[in-house]
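A short write-up of the structure that comes next.
The values are calculated or read from the model by the stated rules, or taken from the named source; none is laboratory data. Bear in mind that the values here come from a model prediction, so they are computed numbers and not experimental data. Positions of Cβ are backbone-derived with ideal geometry, glycine not excepted, and every protein chain shown enters the neighbour counts. Areas reflect the complete protein model, heavy atoms only, side chains present, ligands, DNA and RNA absent. Shrake-Rupley method; radii C 1.70, N 1.55, O 1.52, S 1.80 Å.
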Amino acid sequence: MSLPCNLTQPQENEYLNCIRCGLCLAVCPTYRVYKTETSSPRGRVALARKNLEGELELTPNLAEQMYACLDCLACNDICPVGIRPADLALEMRHVQEQIRPSGWKDTLFGELIAKPGRMKTATLPLRIYQSSGLRRLVYTLHLRRLLPARLRDLEGMLPHLPRRPLRRVLPEVTKAHSKSRYRVGFFLGCAQSLLFADESAATVRVLARNGCTVITPRDTVCCGMPAAGYGRMDLAKAHARFNIALFEKTETDVIVTDCATCGSKLKEYGQMLADEPEWVERAAAFSAKVRDISEFLMSIPLEKPAGRIEARVTYHDPCHLRRAQKVWQQPRALMQFIDGVDFVELPESDWCCGSAGSQLITHYETSLAVLERKMDNLKSTGAEMVASGCPGCQMQLTTGIKRRQMDVKVVHPIVLLDQAYAAEENSQ
Amino acid sequence: MNPTLIAELVKIVGKDAVLITPEDLAVYSYDGTFEEHCPDGVVLPTSTEQVSQVVKLAAREQIPVVTRGMASGLAAASVPFSGGIVLCLTRMDRLLELDQENAVVHVEVGIITADLQAEVEKKGLFYPPDPSSIRHSTIGGNIACNAGGPRCLKYGVTGDYVLGLTVVLADGQIIHTGGKVIKDVVGYDLTALFTGSEGTLGVITEALLRLTAKPKFARTALVEFNSIEDASQTVNAILKAGIVPATLELMDHTAISCIEEAMHLGLPLDVEAILLVETDGQEETGVTREIETAAEICTRHSARKVTVAKDETERQGLWKARRSVAPALARLAPNKLGEDITVPRSAIPEAVRRLKQVSAKHGLPIVIFGHAGDGNLHPNILFDKRDPQQWAKVEQMVAEEFAIALDLGGTLSGEHGVGTLKRPYLERALGPVSVEIQKRIKRSLDPQNILNPGKVLPD
Ligand SMILES: Cc1cc2nc3c(=O)[nH]c(=O)nc-3n(C[C@H](O)[C@H](O)[C@H](O)COP(=O)(O)OP(=O)(O)OC[C@H]3O[C@@H](n4cnc5c(N)ncnc54)[C@H](O)[C@@H]3O)c2cc1C
Ligand code: SF4
Ligand code: SF4
């Protein structure tokens, strides 16, 4: 029953010292929904261990427990022993892929998502659906009522898609407005380019305004998170190598991203390629340069916007920003930097929203149940806007708000700053 | 488990509340110890009525029923060694009524203790028992083990707050004990009987708990000592002076360095022992005066340094550290066995001295921390269970630890309970008469021996 020995698999020290204290159950969103040991971090560690030690087979059900994990990292953070159940769950997905590869993942992550040009093709039907006015038609005729609730939620989650992906519009070099003080590489993520182009356009404007010459390589491939999430660590590594080589050519001081998920993955490249002699140093050098947009902006002298944003704003911490990157003060500071912003803390702001990339599609009920808690908290703040620097979180929050018919706008913190600058220009 | 039985269970609790896959059984095989044994099925009821029907079914089929909360137990009490049904109450977690007038709360016992505490605190009320596992244990588990915590010194243990219980008996009958009254001398105290019964006498499904007013102020001091003897003499001096701190916690050198390694709080690494002293109350001046007096006494008893936490953040930091001692030890070795022997307070220095001897004799580290105010010590042996030689030593060491406790006029367990791990030592601790009486109580309540069989009492 034991696994073939030439696999990449978790090391014994990753699970051996789990003392089964159960502390991680307290913070696990999936445990708190189902209240079963099977859906808990301690349970996932036990299942991984029992499989790796040959006591349990890697059945579809066992693998499913690994896929049901939201990768929110809350368990990693709280475990007093230093066990990382979230990492184990991802590694077990990889083990399963090595034993029983599913071919479609090659196509999806190796071809479609990895290559920006192809991804465009993949979202083409979506874009036609929107820009052809079909979306309006569907709305006006209340056709969405006819769709099952699930589809309606998915449809409602989509932002207005840009006509063309930002990657094709954004110049490869954007000059600094005034004297150029920093040479900044911009890692334009897939979701940002295809779904939230306005936000990334704002990111580049704000950077340029603050003395940055922004280099946006057009050929970047996916950061690797989706591939890793679906057990294709091998593809994620290939993406990493490609992106590293690409950015080496740009000779930038820092590499900025406005996607929490991309940021967390890019910062991991060093660790991911640690056992590849040819890459280890280059990967570490790359990762050391990566900054979330808020992290970078709050580390340089930032121009104070003269414009105001009059709104009650709250903030949801993306798991991949707060826990993976320990960036949580900066986005708050960035928004409070803007006059007029009435900032309120969201209770349990760092509790996962349930998005986890594609969980709303793959684990609809769990994802929604986790979202409910977020929505209760959001409601208690009375905020008109909720900011969050992650496309996945933004889509998930939008779904929650639509389902509850709340009047709250979802924004990226950077958009607020961009608008504050713009408000100033308008008034001049 | 046979398919007809599964079908019957599904009929009672619904399909998603009966778990039978090998994966489910595997993860319901353990608790907070290293022991494990798979059940035949797991049932997650959502009401007392469902529990009653499940137990009736089990009684009819003579299948063991092992009640389980969050399995944070440290005595292998919820490990289903005889198979059967694990009855997991985590989905019975509603707060049914918060009676502010009488300061009583009525809950389903699957509620997480910290959640209950947070809910009542919203209304200015206070549920004092604070086991370190407060965020990962249930009220039901706390009652079934009569859990204690650092605050017990001043506020008492879980049982001191239980006014009444709803219990499902071994034949499925439902009984209510006690009520919202503080005084009650009608009949035997069945509430007390079920409290601490570790799932062997009945399944507790609901509880009425007494609440108090939340203390408005608390001050915490961290006191450093060059010897454990000095530290424990100080404990006695503080209590003799008429001060009842909310907590008086002791940590030895290894425990301190372990936390420091895990949490980087800036704890001193060159001291032999630390005392954590907290005073609390409704009035700021009183609370401050008490902590100052305690600090003076410490200094007089050769404390090396006394630091009073400046603010709430610092205070929370200290408590977070204390709560994470036990788990942080696991960084040092794959396994740890933590006992919770209790001795008369004055015997603490002697107990510590003898425990160190045991450690030296067998060559395995013992880390000591505990609730010095109640003489409740947690000696933790660190080892690697995969090494049969070490395991043999550990078993020997545990027996010696218990002998020390009993020799010094103490007992086997102050809070974790007997479960499976301490069962072999029960007769020596209690004597044959007491054990025989307890066996009769068990027999009269559970004649078929289906409720958590093989736990607590010897065969
Ligand atoms: C890190 C850590 C720190 C701890 N600190 C403390 C501490 O400070 N003080 C302390 O006292 N303990 C402590 N413990 C031990 C443990 O948390 C307590 O015993 C707790 O009360 C167990 O609750 P549970 O819900 O996890 O119960 P479980 O472990 O699931 O069950 C424990 C026992 O109670 C029985 N039981 C559970 N629910 C019911 C019910 N509804 N009806 C009848 N029987 C039931 C079970 O059958 C079993 O015998 C600690 C444990 C850990 C891992
Ligand atoms: S993973 Fe860590 S927190 Fe969770 S049970 Fe194991 S040791 Fe405890
Ligand atoms: S990463 Fe999040 S969802 Fe996954 S096991 Fe840990 S706490 Fe649970």
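Taking the conditions exactly as written (part of a helix (DSSP H, G or I), more than 22 Å from B:Thr195 (Cβ to Cβ) and open to solvent by less than 50 Å² (accessible area, probe 1.4 Å)), does B:Glu395 satisfy them or not? Break it down stepwise before answering.
Numbers: part of a helix (DSSP H, G or I): yes; more than 22 Å from B:Thr195 (Cβ to Cβ): yes; open to solvent by less than 50 Å² (accessible area, probe 1.4 Å): no.
Criteria not met by B:Glu395.
Residue-by-condition table, conditions (1) surrounded by fewer than 19 Cβ atoms within 10 Å (Cβ to Cβ); (2) more than 11 Å from chain B (Cβ to nearest Cβ):
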{"position": "A:Arg42", "(1), (2)": "no, no"}
{"position": "A:Ala46", "(1), (2)": "no, no"}
{"position": "A:Leu52", "(1), (2)": "no, yes"}
{"position": "A:Glu57", "(1), (2)": "yes, no"}
{"position": "A:Glu64", "(1), (2)": "yes, no"}
{"position": "A:Cys72", "(1), (2)": "no, yes"}
{"position": "A:Gly82", "(1), (2)": "yes, no"}
{"position": "A:Arg100", "(1), (2)": "yes, yes"}
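Among the residues examined, B:Gly141 does not qualify as away from every other protein chain (no Cβ under 14 Å) and either aliphatic (A, V, I, L, M) or buried (at least 19 other Cβ atoms within 10 Å of the Cβ) (or both).
Picking from A:Ala46, A:Ala89, which residue would you name as being under 29 Å from B:Gly141 (Cβ atoms), part of a helix (DSSP H, G or I), touching a Cys at 6+ places or on another chain (Cβ under 6 Å) and in contact (Cβ under 8 Å) with a residue 24 or more places away in the chain? Steps first, answer last, please.
Values: A:Ala46 fails: touching a Cys at 6+ places or on another chain (Cβ under 6 Å).
After applying the criteria, what remains is A:Ala89.
Of all residues assigned to region B:260-269, none qualifies as being farther than 19 Å from B:Asn146 by Cα, within 25 Å of the chain's Cα centre (by Cα) and exposed (fewer than 15 other Cβ atoms within 10 Å of the Cβ). Kindly indicate whether any position in region A:67-85 is within 19 Å of A:Leu23 (Cα to Cα), away from ligand 3 (no atom under 12 Å from the Cβ) and at pLDDT 95 or above. No, region A:67-85 contains no residue that is within 19 Å of A:Leu23 (Cα to Cα), away from ligand 3 (no atom under 12 Å from the Cβ) and at pLDDT 95 or above. In this structure, B:Thr67 does not qualify as assigned by TED's automatic domain parsing to the domain that holds B:Asn146 and within 19 Å of the chain's Cα centre (by Cα). Could you list, in sequence order, the residues of region B:104-124 that are more than 10 Å from chain A (Cβ to nearest Cβ) and open to solvent by 20 Å² or more (accessible area, probe 1.4 Å)? The answer is B:His106, B:Gln117, B:Ala118, B:Glu119, B:Glu121, B:Lys122, B:Lys123, B:Gly124.
Of the set (1) in a helix (DSSP H, G or I); (2) facing chain A (nearest Cβ under 10 Å); (3) buried (at least 16 other Cβ atoms within 10 Å of the Cβ), all apply to B:Asp16 but (3). Looking at region A:192-270, the helices (runs of 4 or more DSSP H) lying wholly inside it that each contain 3 or more residues that are surrounded by fewer than 21 Cβ atoms within 10 Å (Cβ to Cβ) sit at A:197-209, A:233-248.
So for region B:68-89 (the condition being away from chain A (no Cβ under 11 Å), surrounded by fewer than 19 Cβ atoms within 10 Å (Cβ to Cβ) and without any contact (Cβ under 8 Å) to a residue 24 or more places away in the chain), does at least one residue qualify? Checked region B:68-89: no residue is away from chain A (no Cβ under 11 Å), surrounded by fewer than 19 Cβ atoms within 10 Å (Cβ to Cβ) and without any contact (Cβ under 8 Å) to a residue 24 or more places away in the chain.
Yes/no per residue for (1) modelled with pLDDT of 90 or more; (2) part of a helix (DSSP H, G or I); (3) closer than 19 Å to B:Asp407 by Cα:
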{"residue": "B:Arg331", "(1), (2), (3)": "no, no, no"}
{"residue": "B:Lys336", "(1), (2), (3)": "no, no, no"}
{"residue": "B:Arg354", "(1), (2), (3)": "yes, yes, yes"}
{"residue": "B:Gln357", "(1), (2), (3)": "yes, yes, yes"}
{"residue": "B:Ala360", "(1), (2), (3)": "yes, yes, no"}
{"residue": "B:Leu364", "(1), (2), (3)": "yes, no, no"}
{"residue": "B:Phe369", "(1), (2), (3)": "yes, no, no"}
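Put simply, of A:Glu37, A:Glu14, A:Glu55 the only residue that is touching an Asp or Glu at 6+ places or on another chain (Cβ under 9 Å) and either more than 23 Å from A:Cys352 (Cα to Cα) or more than 16 Å from ligand 2 (Cβ to nearest atom) (or both) is A:Glu14.
Taking B:Gly414, is it loosely packed, with under 13 Cβ neighbours inside 10 Å and of a type outside the set (S, T, N, Q)?
For B:Gly414, the condition - loosely packed, with under 13 Cβ neighbours inside 10 Å and of a type outside the set (S, T, N, Q) - is not met.
For region A:18-35: of the residues being open to solvent by 10 Å² or more (accessible area, probe 1.4 Å) and at the interface with another protein chain (Cβ under 7 Å from one of its Cβ atoms), which is farthest from ligand 1 (Cβ to nearest atom)? Checked region A:18-35; the qualifying residue farthest from ligand 1 (Cβ to nearest atom) is A:Lys35.
Scanning region B:295-314 for residues that are closer than 23 Å to B:Leu265 by Cα and surrounded by 19 or more Cβ atoms within 10 Å (Cβ to Cβ) returns B:Ala295, B:Cys298, B:Ala303, B:Val306, B:Ala309. A residue that is out of contact with any strand residue (DSSP E or B) (no Cβ under 7 Å at 6 or more places or on another chain), closer than 20 Å to B:Gly149 by Cβ, in contact (Cβ under 8 Å) with a residue 40 or more places away in the chain and small (Gly, Ala, Ser) occurs somewhere in region B:327-350.
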